[in-house]
Structure formats: C-alpha cells, structure tokens
Amino acid sequence: VEETPADMLVNLESTIKEHIASIDKSKTELKKLKEMLADTYRNDPTYMEHDKLVKEATKVRTKTKSELLKQPAVADLTAKVKELSGELKDFQAALSDYLREYMRLSGANEIEGDDGEIRDIVYVAKLVKRHSKFGNNA
C-alpha cells in the first residue's frame, strides 16, 4: 500500500514529536549530570582554591581592560568593531533573505560566486516554544 501525502505528514509529525520528547528527556538528564559535576567541583578544596585565584585574576584583568578602554584610540577601535559587527550581521540577514528569494524564483539550491566557487544554499530549522501571550498554547 502506497503511503499518501497525508499519511507521510502524520508520520513525519509523529517522528518530530518523538524527537522533541527525546530532546527534552536528554536535556533533563544533562542538567542533572552537570549539577552532579558542579557539586564534585564545589566539594573539592583544591579546585575551590584554584577557582578563587582565577576569580581574583579575572578582577585584575577586568580592571586593566577597563583602563585600556578609557584610552581614546582603544575606545574608537572598540566602536569601529561594534559598528562593523552590526553591519556584518545586517549583511548576513539580508543575504539570507536574498537567497531564500533566489531559491524560490530559480528552484536552485546552489549559487556560483564571483570567485567561481559553487556554494550550497542551506537553511537550519529549529523549534521555539510559543509564549502564551502570543496566542494559543496548543
């Protein structure tokens, strides 16, 4: 018996739900194991002493960094890094939109760059829980 598109959709939905349950279970187990590991560290006096030294060194480093950031040249450089990072993020978001439209119009899932290199168009899907203020909780 050939599987209908409706059957395929129901099976796919069932598989997705099974994976969600497996992921949730794994996350719960991982959280428990990480807590056990953290307890092991907290109960070791040598580790705790080293942790204290690291925290003190981090405070000194943070203070030094703060002093460096007060220098005009460093502050200017930091502002340029933030600005360029923002622009890069905007370019990447726009490129994603352009690629989605390119795929829709051309039906192709690859594109050749000016450098002659063929690049595959790849999308990553993920699930995000819906908050109750955004509508139904079904």
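A few comments on the model shown:
- Label-to-label distance, nm, for residues given as D97 and S14 (7 Å Cα→Cβ offset): 4.1 nm
- In plain terms, if you count all Cα to Cα distances in the range 89-129 and split them into 5 Å steps from zero, the share in each step is 6, 20, 23, 27, 16, 5, 2, 1, 0 percent.
- Kyte-Doolittle mean at least -0.5 and Cα axial length at least 20 Å: DSSP H helices in the chain: 72-106
- Size of electric dipole in the chain: Cβ of Lys, Arg +1 and of Asp, Glu -1, about Cα centre, debye, nearest 20: 1280 debye
- In this structure the amide hydrogen of I121, modeled in the peptide plane, comes within under 5 Å of the amide hydrogens of E110, I111, none closer than 5 places in sequence on its chain.
- M36 - accessible surface, heavy atoms, 1.4 Å probe, Å² rounded to 10: 110 Å²
- Computed with every protein chain present, the accessible area of D7 is close to 70 Å² [probe 1.4 Å].
- Those aspartates and glutamates that a straight Cα-Cα span of less than 16 Å connects to K32, excepting residues fewer than 8 apart in one chain: D24
- Percent of Cα-Cα distances greater than 15 Å, calculated over the range 36-95: 70 percent
- Gyration tensor (alpha-carbon) shape descriptor, the range 20-60, a/c threshold 1.5: oblate
- The range 47-87: trypsin sites (Lys or Arg not before Pro) falling in loop per DSSP and having at most 14 other Cβ within 10 Å: K70
- Here the ratio of the Cα radius of gyration of the chain to 2.2 N^0.38 Å is 1.76.
- Listed residue (T28, S66, Y98) projecting farthest to the positive dipole end of the chain, Cβ model: S66
The values are calculated or read from the model by the stated rules, or taken from the named source; none is laboratory data. Just so you know, these numbers come straight off a predicted model, no measurement behind them. Note that each Cβ is placed from the backbone with ideal geometry, even for glycine, and that neighbours are counted across all protein chains shown. Heads up: the accessible areas ignore ligands, DNA and RNA and are worked out on the full protein's heavy atoms, side chains in. Shrake-Rupley method; radii C 1.70, N 1.55, O 1.52, S 1.80 Å.
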